[in-house]
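A quick write-up on the structure given underneath.
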Amino acid sequence: MSAAVADHTRARPSGFLGRIAWHWRHDPKIELWICWWVMVSFYQLFGIVFVLMTRVMPPPRPDWDQARIVQWFSDNHTGLLVGFGIIFLVAGMTASSNAIIGYSMRRMSVSRAFAYSYIAIYSLSAIPGMLFAGILLSVGAMRPDRDPRLLAWLYDAGFLTFVGTMGVFLIGTLVWMIAILIDKNRVFPRWFGYLNICNLLTEFVVAPCWIMKTGAFAWNGSIAFWVDTGVFVVYTTAFIVLLRRMVIREDFGDGPLPDPS
Amino acid sequence: MTSPAASISSREAGTVARRPGAGVVLGEPDMWAFVLFECLIFASYFIIYMLYRMADPELFLRSQEHLSQDLGVANTLIMLTSSWLMARCVQAAREKKFEIASRQVVLTLTCGVAFVALKVTEWSMKLREGLGFSTNEFFWFYYFLTGIHVLHVLIGFVVLAVVVHQLRSPERRSQEIVETGATYWHMVDFLWVMIFALVYVMR
């Protein structure tokens, strides 16, 4: 690492490509920056696919009859297939997000068990929270002329697994929160530790969507979807910014992280 | 304050000195940021509740009559008492009466347990009457708002336990932690008063 740090002091060339080449060869934080940029790119792609292409967010109504559900699959046929095709291709990018968050916990003064637990939980969470929904809705979109009862089943299963399985994220958020609050290396500010409470409580708030078909607590409801999504966006934006700040502050030591210069 | 201040670890003391907003508010400024964000989230719940209520005021009034005002008042009194005890704890800690402060937190915690027990009793009474979560729109909000509040109370138990843990040892004592715990608990109290006013009292 000392050689790498010494390399870091070499003059950086001007020009965009020259700077990238220099970082690639000499920047000791290159792996962390790659993880951070892949995480940011994944969230951008996730937003484009789920909001603009597949029209899964905001979710359509859970109380539609079979004819309307068939119509929805037919209307979004191409978007669902292409959009989820992209998601299946890039789903592995979530590993970068888990890696950099796991790294943040390894940089804290807490047991390694926190990072390992978080990575394990969040790696599993992507299956019900994202991939199952993608598979079920893609299967529905593949043959819109299928029996309407089957399409309605795929529609319910797809949206329930997408919105209703947030509980699997709960323990992961709790693990990160505890790590932040007991950490002595000041990797994250304590307000972000407390913000984790808001995020983990949203996992409880979506639970009623398993029994409600209309209103504020249905899977497209003002509370179960809109308020929760608002909290999730604030939380995600906060941790993306704070992880970038962590990479800038990283000194590869094991004591408190220095403040940004 | 010399003794407890000296007992704060150097890491903690350094953090406090650098933290923006420290000294401007009681306890950690970070906790205040959390309280403000939580109040924003609850404000959105209350606005949505009011919109549903405005859409069908008759249903909400009829359903509200099934709630026990006595239990609601009892819960409010318990919560206000717990908040008062927590305020006394902060005062006692400031006066370096740590034994008394510790006792006040335990009493606050006891009030919290009584609050949750009463709330569970009330829920089970309603369920026995056949008034469940999916009965109608009023009961969606009744169970949701009181339920999410009870979750905050349960998190508050952990916060209060941390305060007791801090107070019990001279090495760990920190006025900031006591005030931070009190800030959280007062938020829980404040949210209950809002829920009580909107769900039980407002006609």
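Values quoted throughout were computed directly from the atomic coordinates according to the rules given, and no laboratory measurement underlies them. All values derive from a computational prediction rather than experimental measurement. As a convention, Cβ positions derive from the backbone with ideal geometry for all residues, glycine included, and neighbour counts pool all protein chains shown.
For the range A:165-199, enumerate the residues that are more than 7 Å from every other protein chain (Cβ to nearest Cβ) and of a type in the set (D, E, K, R).
Keep residues of the range A:165-199 that are more than 7 Å from every other protein chain (Cβ to nearest Cβ), which gives A:165-183, A:185, A:187-188, A:192-193, A:196, A:199.
Across the range A:165-199, the qualifying residue is only A:Asp183.
Is it true that A:Thr237 is of a type in the set (Ser, Thr, Tyr), surrounded by fewer than 19 Cβ atoms within 10 Å (Cβ to Cβ), more than 10 Å from chain B (Cβ to nearest Cβ) and in contact (Cβ under 8 Å) with a residue 40 or more places away in the chain? Quick ask: steps written out before the conclusion?
Details: of a type in the set (Ser, Thr, Tyr): yes; surrounded by fewer than 19 Cβ atoms within 10 Å (Cβ to Cβ): yes; more than 10 Å from chain B (Cβ to nearest Cβ): yes; in contact (Cβ under 8 Å) with a residue 40 or more places away in the chain: no.
Taking the combined requirement at face value, the residue does not satisfy it.
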Practice prompt. Report, ordered by the first and then the second residue, all pairs with beta carbons closer than 9 Å, sequence separation of six or more or different chains, a first member in the range A:140-166 that is closer than 13 Å to A:Phe73 by Cα, and a second member that is among the small types (Gly, Ala, Ser) and loosely packed, with under 15 Cβ neighbours inside 10 Å.
Written response: A:Ala141/A:Ser74; A:Pro144/A:Ser74; A:Asp145/A:Ser74; A:Pro148/A:Ala67
Worksheet item: When only residues in the range A:176-199 that are crowded, with 23+ Cβ neighbours inside 10 Å and out of contact with any Gly (no Cβ under 9 Å at 6 or more places or on another chain) count, which is nearest to A:Leu257 (Cα to Cα)?
Response: A:Val187
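How about the range B:128-138: which of its residues are within 11 Å of chain A (Cβ to nearest Cβ) and in contact (Cβ under 8 Å) with a residue 12 or more places away in the chain? Show your work before the answer.
The initial filter retains those residues of the range B:128-138 that are within 11 Å of chain A (Cβ to nearest Cβ), namely B:132-134, B:136-137.
Within the range B:128-138, B:Asn136, B:Glu137 qualify.
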Fill in: Residues satisfying the stated conditions in the range A:200-226, i.e. at the interface with another protein chain (Cβ under 8 Å from one of its Cβ atoms) and either surrounded by fewer than 19 Cβ atoms within 10 Å (Cβ to Cβ) or not in a helix (DSSP H, G or I) (or both)
A:Phe204, A:Ile211, A:Met212, A:Gly215, A:Ala216, A:Phe217, A:Ser222
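Quick one: which residue in A:Arg143, A:Arg244 is basic (Lys, Arg), more than 20 Å from A:Phe84 (Cβ to Cβ) and either crowded, with 23+ Cβ neighbours inside 10 Å or more than 13 Å from every other protein chain (Cβ to nearest Cβ) (or both)?
Working: A:Arg143 fails: more than 20 Å from A:Phe84 (Cβ to Cβ).
Testing whether each residue is basic (Lys, Arg), more than 20 Å from A:Phe84 (Cβ to Cβ) and either crowded, with 23+ Cβ neighbours inside 10 Å or more than 13 Å from every other protein chain (Cβ to nearest Cβ) (or both) leaves just A:Arg244.
Just a yes or no: is a residue in the range A:102-118 in a loop (DSSP other than H, G, I, E, B) and either within 19 Å of A:Met53 (Cβ to Cβ) or among the small types (Gly, Ala, Ser) (or both)?
At the first step, the residues of the range A:102-118 found to be in a loop (DSSP other than H, G, I, E, B) are A:107-111.
Retained after the next criterion (residues that are either within 19 Å of A:Met53 (Cβ to Cβ) or among the small types (Gly, Ala, Ser) (or both)): A:109, A:111.
Checked the range A:102-118: at least one residue is in a loop (DSSP other than H, G, I, E, B) and either within 19 Å of A:Met53 (Cβ to Cβ) or among the small types (Gly, Ala, Ser) (or both).
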Worksheet entry | Test result for B:Phe157, away from chain A (no Cβ under 12 Å) and closer than 16 Å to B:Leu80 by Cβ | no
